[in-house]
Amino acid sequence: MLRTLLLLLAALAIAGCASTPPPAPPPVKATPTPTPTPTPTPTPAPAPADVNSIQPDTGGFSPGADAPANVLQFEVKYADTSKITGWQVSFDNASGPVKTLKGTANLLPPTVTWDGKNDSGQLAPEGRYTATLTVNYGKEQKTATSVPFTLDITPPSGSISITPDPFVPTSSSDHIYFKVYTRNGGAQVMTWRLQVVAQDGTVFKNFISEEHRDGNIDWNGEADSHGQLQAPSTYKLLLTLVDEYGNRGTVSSVLKVEQLGFLEGNRRKLAEPVYFQPYTDSYTDLPNTQAQHNRAILEQVVTDLKKYPNVKLLLEGHANEVWWQYPAKAAIEQRLVLLPLSKDRAEAVKKALTAQGIAPERLETTGVGGTNPIVPFSDTAQTWKNRRVEFYLR
């Protein structure tokens, strides 16, 4: 009985243990699968023959230029240098090679330079060229050709125009104008310089352009350091042009500076005055010596104005006071008689000059009456000198 009871309890204990679920095991962390690193695809090395090359540093050169522009350098690359037995570079125009350089495998220069001379040491003809690199690999040769380049020895040229020519300064405010024209030789003009050179060889003035375009220069005649153009004198104009390959061309001309007339005080006169009959604008009906004087002066003025077409004149008319002893009457005389009369005298001279072919726009007229007499009004024997027209440069 007891044994049966013990067996029953044991069975119940086993059954109870089976009905309680065992504790859950701890969660297991998932390990991410690593992304495989892609294996780079190797860039295939170029075939040895593809690496041979020769190229110029610039598109052209001139053997006559200043160093270093008088030579052309070429970058050279070689393929598979372990197999090279020799190399050769030729500079070729349309007729074939004109200059050849050769070397062995012991010396593979990274650059070669051509001075523009042929195999005989003479200057090669100008024109378009290529450079050919030939590399020997034992029984095999590989060649490479450069882009075309230019050998150019033709200098640029140009010309200079001067306005006015000759230059006739009439005051410190007068200007002279240069026009620089450039013409390419075999290559484009890059810069130019215009120098004004004095008779003793010193450079009086420099004008420099950093551009190849034609140039307009407006100059007041002042030097770079100090001083003004002197008249009468001549100056050398030296135009130097440089093209893209270093070719240098020069053009020279002459600047003539002439002196016209003479100074009276601070004003420059073209000629002595012409004189008039009292109370009229007639300069012809005069005593013989005065009439001859007037004709000679007008001829001289016409000659000078035709020779110097840029010169302009102020024709200034004058008159002689009669009522100089009486200020009130003199003032009325000045306003009503002398100013109009002196203006008419200037207009009469202008009419005479235009009749001789002088453009009227070159002639300005004014009348100042009796405000600027040459001799005192009291000197009746000489007051005819006050009835005049003066020729002032303007």
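The values are calculated or read from the model by the stated rules, or taken from the named source; none is laboratory data. All values reported here derive from a predicted model rather than from experimental measurement. So basically every Cβ, Gly included, is an ideal-geometry build from the backbone, and we count neighbours across all protein chains shown. Note: areas computed on protein heavy atoms with side chains; ligands, DNA, RNA excluded. Shrake-Rupley method; radii C 1.70, N 1.55, O 1.52, S 1.80 Å.
List the lysines whose Cα sits under 25 Å from the Cα of K329, skipping any in the same chain fewer than 8 residues away.
Within the straight-line cut-off, K329 pairs with K343, K385.
When the accessible area of the stretch 264-394 is split by element with a 1.4 Å probe, what percent falls to carbon and sulfur?
C and S atoms contribute 52 percent here.
Taking the alpha-carbon distance from K99 and a cut-off under 14 Å, which aspartates and glutamates remain once sequence neighbours fewer than 8 residues away in the same chain are dropped?
Leaving aside aspartates and glutamates fewer than 8 places away in the same chain, those within reach of K99 are D115, D119, E126.
In whole Å, what are the Cα extents of the stretch 158-207 along the three principal axes, biggest one first?
Ordered largest first, the stretch 158-207 gives principal extents of 43, 24, 15 Å.
Divide by every residue of the chain the summed helix terms, -39500 (n - 2.57) for each DSSP H run of at least 4, and state the resulting mean residue ellipticity at 222 nm, rounded to the nearest 500 deg cm²/dmol.
-5500 deg cm²/dmol
Between K179 and S157, what is the label-point separation in nm under the 7 Å Cα-to-beta-carbon projection?
1.9
Determine how large the accessible area of S171 is when every protein chain is in place; take a 1.4 Å probe and give Å² rounded to the nearest 10.
About 60 Å², rounded to the nearest 10.
Quick one: dipole size for the chain, taken about the Cα centre, charges +1 on Lys/Arg Cβ and -1 on Asp/Glu Cβ, in debye to the nearest 20.
In debye, rounded to 20, the chain gives about 820.
Ordering F276, F377 by accessible area with a probe of 1.4 Å, largest first, what comes out?
Largest accessible area first, the residues go F377, F276.
Kindly identify the stretch 47-186 as rounded, prolate or oblate by the Cα gyration tensor criterion: order the square roots of the eigenvalues as a ≥ b ≥ c, call it rounded if a/c is under 1.5, otherwise compare a/b with b/c, prolate if a/b is larger, else oblate.
Cα axes put the stretch 47-186 in the prolate bin.
Where the only charges are on Cβ atoms (+1 Lys, Arg; -1 Asp, Glu), what is the dipole of the stretch 260-394 about its Cα centre, to the nearest 20 debye?
320
On a 20 Å Cα-Cα criterion, which of the cross-link pairs K102/K142; K77/K142; K205/K269; K312/K351; K77/K102; K83/K139 come out too long?
From the list (K102/K142; K77/K142; K205/K269; K312/K351; K77/K102; K83/K139), the Cα-Cα distance tops 20 Å for K205/K269.
What does the C-alpha gyration tensor say about the overall shape of the stretch 283-394? Classify as rounded when a/c is under 1.5, otherwise prolate if a/b is larger than b/c, or oblate.
Because a/c hits 1.5 or more and a/b exceeds b/c, the stretch 283-394 counts as prolate.
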